[in-house]
Ligand code: SF4
């Protein structure tokens, strides 16, 4: 299989991320194809969600899921210690990585030490977060994404648009064009089934060639040292069983205590994510192949990443660690529904991305500071979250921490306002000036254009020049 991928820009994880957040948002809003693609995806998720609520008592299940995840985060150090000890007892290797560099170094060194050339990956947001593909490509490895959506965006050289549906921003014709380019022929089907069959044939070869399989982890079960991987395509099962070595990359917050807890979360996850009462495949991996077994990897490595998560325990953002990366808050968010995930410029988009990206990358990192403002604070994300994370509250807290220019301007305006209104004289003067200004600008009792900080208000609505307004 020859892979005709557009060349990556070395050192740049997401070459598709260009311009500022505002520019990317405006571009997205002007793209009618994107609007259609996002509407189709959002409508289908919304309809399924109603069925989950009506037929499966989804809202009641949420309360228990929230309690489980809160308890997991409270007990995280002890649960992680138990998970580690049980994975080792099962014959696996456990590595705790403080951040992206350590995790990427461990995995690329392992690949070099084993003489690997081809790496097959299944979908993993943790590896997107640490930019593992770029690190492995720099190390000279061929990395092939085997989840259909991930393979599509790998061919497009883009980053995921959605946590569980990475290529949701592209339609069938756009995907067919990418497949034609990759295959170097126009002889590629254009119907949905044909495209899936084409991808299956192209990727099957890679499963056979790969010496290392890399997966994410949906849950790590402390009591038995098992990692759970949920998927709908079957590719993760091949990635974790076909190559000689399996490396599972897990965010440290994904630990649960036991199978009782895991069973509940594994049911809530597909319900929230794809409106299915069960995922098509749930792989439960407890160490490498044992003596006498004929399949499964010879080596199993679990890389547990902190990446800033540990510091969130006990902070005002602790609840965000409960996230099970279902993507429901993205579909429910009017911002994401209109611009998609590409505009965010980070692996995590939507409300959860707007909160955790600044927390993981730092509030003043260029990609982070404006993200908490990518929300209308309508509350839909909080309603959609299957583990009851108070996303709107956390967005407000994230805004307070942000060093965004918008926030700085607003902060300055409020400081001046506070100074003026602290004294009776300046208060009366501002009121006289304000009324005079309104009288001059207002016509028919309404002001159509305010100066300075008030201009944002009158861009989209009028303001009464007197109170109560004249009808
Ligand atoms: S914050 Fe809630 S809704 Fe959003 S991805 Fe996480 S678990 Fe899902």
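Every number here is computed from the coordinates shown, using simple stated rules; none is lab data. In this text, all values refer to a predicted model and were calculated from it rather than measured experimentally. All Cβ positions, even for glycine, are placed from backbone atoms using ideal geometry, and neighbour counts span all protein chains on display.
Peptides 185-192, 345-352, 151-158, 363-370 ranked from most to least packed give 345-352, 151-158, 363-370, 185-192, packing being the mean of other C-beta atoms within 10 angstrom over each peptide's residues. As a rough footprinting exposure proxy, the listed residues 418, 241 were ranked by other beta carbons within 10 Å of their own, and the order from fewest upward is 418, 241.
The Cα-based radius of gyration and maximum Cα-Cα distance (Dmax) for the chain are 25.0, 89 Å. Give the shape of the range 175-300 as rounded, prolate or oblate, defined through the alpha-carbon gyration tensor: a ≥ b ≥ c are the square roots of its eigenvalues, a/c under 1.5 means rounded, and otherwise the shape is prolate if a/b is larger than b/c and oblate if not. Since a/c reaches 1.5 but b/c is at least a/b, the shape of the range 175-300 is classed as oblate. In the chain, the DSSP beta bridges split such that about 30 percent are antiparallel, to the nearest 5. Cα gyration tensor of the range 8-131, axes a ≥ b ≥ c as square roots of the eigenvalues: rounded (a/c below 1.5), prolate (a/b > b/c) or oblate? Oblate shape, in that a/c is at least 1.5 and b/c is the bigger or equal ratio. Using C-alpha pairs below 8 Å separated by at least 6 residues, the relative contact order for the chain is 19 percent.
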